[in-house]
Amino acid sequence: MGNSIWKDTWLITARSIKTTLRNPFSFIPNLMISAFFLLVYEGGLSGISQLPTFEGANYLAFILPVSIVSAAIGGAGGAGQGIVKDIENGFFSRLLLTPASRLAIVLGPIIAGMLQLFIQTLLIIGIGYLLGLEVATGFGGILFVLMIAIGWGLAFAGYSAGVALRTKNAQAAQAGTFIFFPLIFLSTTFVPYELIDAQWLKIAATINPTTYIFESMRTVLIDGWIFWDLMQGVIAIVIACTITITFAALSAKKAVARG
Amino acid sequence: MNGSIEVKNLSKTFKKGNVKAVRDVSFSVKEGEFFAFLGPNGAGKSTTVQILTTLINATGGEAAVAGHDVIREPEKVRRYIGVALQETGVDPDLTGRELIELQANIFGFSKDRAKERAVELLEIVQLTESAERRIGNYSGGMRRRLDLALTLVNEPKILFLDEPTTGLDPSNRMAIWKELQRLNEEKGTTIFLTTQYLEEADSLAHRISIINHGEIVATGTPKELKAQIGSDLVTLTFISDIDSGTAEDILKRQMGASEVIRQSEKLTVYVKDGAKQLLEIVRILDGEGIEIETVNLSSPTLDDIFLKITNDQEVETHGE
């Protein structure tokens, strides 16, 4: 009797994927919103790329990171939602009563959330291509964008799983996802930093790590492989992941502990 | 490994509000025994189950389940036990069959064996027809039965059931009783059951511990517990609760505090020799001019024992 941690993780992840697929409304709205951003902002705002600050860049490539980050954050948020659902259903306790690895019990929904994120990001990039996206760095650039999306999603998954495990409450976890809005919109969402008018928004954009994610994605999409411009996104991810995954791990430890 | 439970001086104090949920509880359950923990809401039953099933740690004392220490070897304990908590633990998005198979896979069953086990268990809890439906569409009783099936997946040596029939209709309750008896008799599964229903403990358990305010106040077979409180019960009813109050005072003065319990206009008196003392009681009350409406002499039921024991505790607490 008994499995390896890999088998446990696989079993619990597979089940999380299954339940996600059976609840299409847990991911369709977010996917629609992300696609909506892309279509509407490209359709309505693309004229501003004529401004000299844009240096002739394609607005579609400029706005695509917003849509990708939105899809990534939404997908990663599925991790926390999955965990809260299990806790509320008592299924989390049921799993704790089995010999399954404690790590696998927490990791399963997170991996499923990451997978959801990956697929949503791919779909958004696909829509981008359908709309005529051109990428300065080609296929390699798309891989880089995917990596950044996954990294940033992982940071958000850590956050959402941490909130879920700490509060064990659906409302609180739902409320926790509202960080989505300031993260996405208090940034260089629609126009480059130089064009932001309000001083407060400039400050917010400077503090907001999403700004560095946008910038690094835009660099590969529009400008090319400019090392330090790309690194700012990577550094933002490393810092954010360190914080949120530590938070998630501590919350998980507390949730499976027998205090 | 064996199917026994050994508990010594177990205590649990929750930091939140400094609540002493379990106080210095000791008992042992032999392999193959059907043991019940009987007590009202908040008595400490669920906390004890959670400690014994490795969900929470005790703050004092020790416990061994299936021969393994629950604190030091939780992984080993988990292999040999099946647990149905007060709240069912099911994933509403899976079907009954999928959930049992998942549980079996987690316990290390091969794919084929897990499938077989699901078929067997669905049959046992009479859910074969609903096997392919999502659990979200199950009724409360069906969920309970599925939950029981999940606890049986690993053929546990010891089953822990925390109020398994609370909130169930009579037919679902009977179905669960029957299955528990079958497991205990045919498979020799040790069963630790908590309940608020005296009737349930009386008809299922070999031995019962009564728990109140986190302490075990009595332990024995249903028969022993009944014998423990004296052989007979005299129940008197009066026209008003003023009369019953006066009668209570008079009888208490004569027979000692713990032997008389009043519930509005009804008095229950515990006596050693029913026939003799019944006459004495009637004579005393008649002498005081109190009119008795009805008199009844009976052997004690578990309800009476429970009432008496919890009442004794109240008296002690108030006396402190």
- Message: I'd like the interface area for chains B and A: accessible area of each alone minus the complex, both sides summed, 1.4 Å probe, protein heavy atoms only. What is it in Å² to the nearest 100?
- Response: 2800 Å²
- Query: With θ set to phi - 60° and the Karplus curve 6.51 cos²θ - 1.76 cosθ + 1.60, what are the ³J(HN,Hα) couplings of the stretch B:86-98 in order, to the nearest whole Hz, using x for Gly and Pro?
  - Reply: 4, 8, 5, x, 10, 9, x, 8, 9, 8, x, 5, 4
- Query: Over the C-alpha atoms of the stretch B:65-167, what are the Rg and the largest Cα-to-Cα span, Dmax, in Å?
  - Reply: 13.7, 42
- Message: Give me log10 I(q)/I(0) at q = 0.16, 0.19, 0.28 Å⁻¹ for the stretch A:204-259, Debye formula, one equal scatterer per alpha-carbon, no solvent.
- Response: -0.57, -0.68, -1.02
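How large is the convex hull of the Cα atoms of the stretch B:194-299 per residue, expressed in Å³ as a whole number?
Values: hull volume 12.3 nm³, N = 106.
Convex hull of Cα atoms, per residue: 116 Å³.
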- Tell me, what is the percent relative contact order of chain A, built from C-alpha pairs under 8 Å that lie six or more residues apart? 24 percent
- Where labels lie 7 Å past Cα in the beta-carbon direction, separation of B:Lys187 and A:Trp10 in nm: 2.8 nm
- Item | Radius of gyration and Dmax over the Cα atoms of the stretch A:57-189, both given in Å | 16.7, 56
- In straight Cα distance, which aspartates and glutamates are under 14 Å from B:Lys272, not counting same-chain residues fewer than 8 positions off? B:Asp232, B:Glu259, B:Glu280
- To the nearest Å², the heavy-atom accessible area per residue of the protein assembly as shown with 1.4 Å probe amounts to 45 Å²
- Among bridges DSSP assigns within the protein assembly as shown, what percent are antiparallel (round to 5)? 65 percent
- What does the convex hull of the Cα atoms of the stretch A:1-119 come to per residue, in Å³, rounded to a whole number? 108 Å³
- Message: Test of understanding: express the Cα radius of gyration of the stretch B:165-217 as a ratio to 2.2 N^0.38 Å, with N the residue count.
- Response: 1.21
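When DSSP beta bridges are limited to those with both residues in chain B, what percentage is antiparallel, rounded to the nearest 5? Show your work: numbers first, answer last.
Working: 36 of 54 bridges.
DSSP beta bridges in chain B are roughly 65 percent antiparallel.
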- Just give the residues from the stretch B:101-141 buried by at least 10 square angstrom of accessible area in the all-chains context relative to the isolated chain, probe 1.4 Å, and say none if nothing qualifies. B:Leu102, B:Gln103, B:Asn105, B:Ile106, B:Phe107, B:Gly108, B:Phe109, B:Arg134
- Message: From the phi angles alone, apply the Karplus equation (6.51, -1.76, 1.60; θ = phi - 60°) to the stretch A:156-173 and give each ³J(HN,Hα) in whole Hz, x where the residue is Gly or Pro.
- Response: 6, 4, x, 4, 5, 5, x, 4, 4, 5, 7, 8, 6, 9, 5, 4, 5, 5
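With a 1.4 Å probe and every protein chain kept in, tell me what percent of the accessible surface of the stretch A:154-259 is carbon plus sulfur.
Working: 3760 of 5230 Å².
Here carbon and sulfur together make up 72 percent of the probe-accessible area.
Output the pairs from B:Lys226/B:Lys276; A:Lys168/B:Lys115; B:Lys8/B:Lys187; B:Lys12/B:Lys45; B:Lys20/B:Lys223 with a Cα-Cα distance over 23 Å in this structure; if there are none, say none.
Exceeds cut-off: A:Lys168/B:Lys115; B:Lys8/B:Lys187; B:Lys20/B:Lys223.
Considering Cα pairs under 8 angstrom that are at least six residues apart, work out the relative contact order of the stretch A:111-259 and quote it in whole percent.
On the way: 150 pairs, mean separation 50.1, N = 149.
Over the stretch A:111-259, the number comes to 34 percent.
Could you grab the Rg to Rh ratio for the protein assembly as shown? Cα atoms only, Kirkwood for Rh.
Numbers: Rg = 32.2 Å, Rh = 27.9 Å.
So for the protein assembly as shown, dividing Rg by the Kirkwood Rh gives 1.15.
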- Item | Residues with amide H under 5 Å from that of B:Gly61, placed H, sequence gap 5 or more | B:Ser11
- Task: With the convex hull built on the Cα atoms of chain A, state its orientation-averaged projected area in nm².
- Result: 14.6 nm²
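What number, in nm² with one decimal, is the all-direction average of the projected area of the convex hull of the alpha-carbon atoms of the stretch B:1-127? List each step's numbers first, then the result.
Working: hull surface 38.0 nm².
Averaged projected hull area, Cα only: 9.5 nm².
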- Grab the alpha carbons of the stretch B:125-256, take their convex hull, and tell me the volume per residue in Å³. 183 Å³
- For the stretch B:1-134, which whole percent of the accessible surface, found with a 1.4 angstrom probe, sits on carbon and sulfur atoms? 45 percent
- Message: Could you work out the relative contact order of the stretch B:243-298? I mean the mean sequence separation of Cα pairs under 8 Å and 6+ apart, divided by the number of residues, in percent.
- Response: 31 percent
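What does the average come to when, for each residue of peptide B:78-86, you count the partner chain Cβ atoms lying within 10 Å of its Cβ? It would help to have the intermediate numbers written out before the result.
On the way: counts 6, 4, 2, 2, 1, 5, 2, 4, 1.
Mean shielding by partner chains, rounded to a whole number: 3.
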- Query: Tell me, what does the Kirkwood hydrodynamic radius of the stretch B:6-45 come to in angstroms if you use every pair of distinct C-alpha atoms?
  - Reply: 11.6 Å
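Per residue of B:144-157, what is the mean number of Cβ atoms on other protein chains within 10 angstrom of that residue's Cβ? Mind showing how you got there, number by number?
Working: counts 0, 0, 0, 2, 0, 0, 4, 2, 0, 1, 3, 0, 0, 0.
That works out to 1 on average.
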- Message: At q = 0.06, 0.12, 0.13 Å⁻¹, what log₁₀ I(q)/I(0) does chain B have when each alpha carbon counts as one equal point scatterer in the Debye sum?
- Response: -0.27, -0.87, -0.96
- Query: Along the stretch B:208-222, what does the Karplus equation 6.51 cos²θ - 1.76 cosθ + 1.60 (θ = phi - 60°) give for ³J(HN,Hα), rounded to whole Hz, x for Gly and Pro?
  - Reply: 10, 10, 9, 10, 8, 6, x, 10, 7, 9, 6, 9, x, 6, x
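The values are calculated or read from the model by the stated rules, or taken from the named source; none is laboratory data. Predicted, not measured: the structure shown is a model, and the values here were computed from it. Please note: Cβ atoms are built from the backbone with ideal geometry, for glycine as well, and neighbour counts cover all protein chains shown. All accessible areas refer to the heavy atoms of the entire protein, side chains included, with ligands and DNA or RNA removed. Shrake-Rupley method; radii C 1.70, N 1.55, O 1.52, S 1.80 Å.
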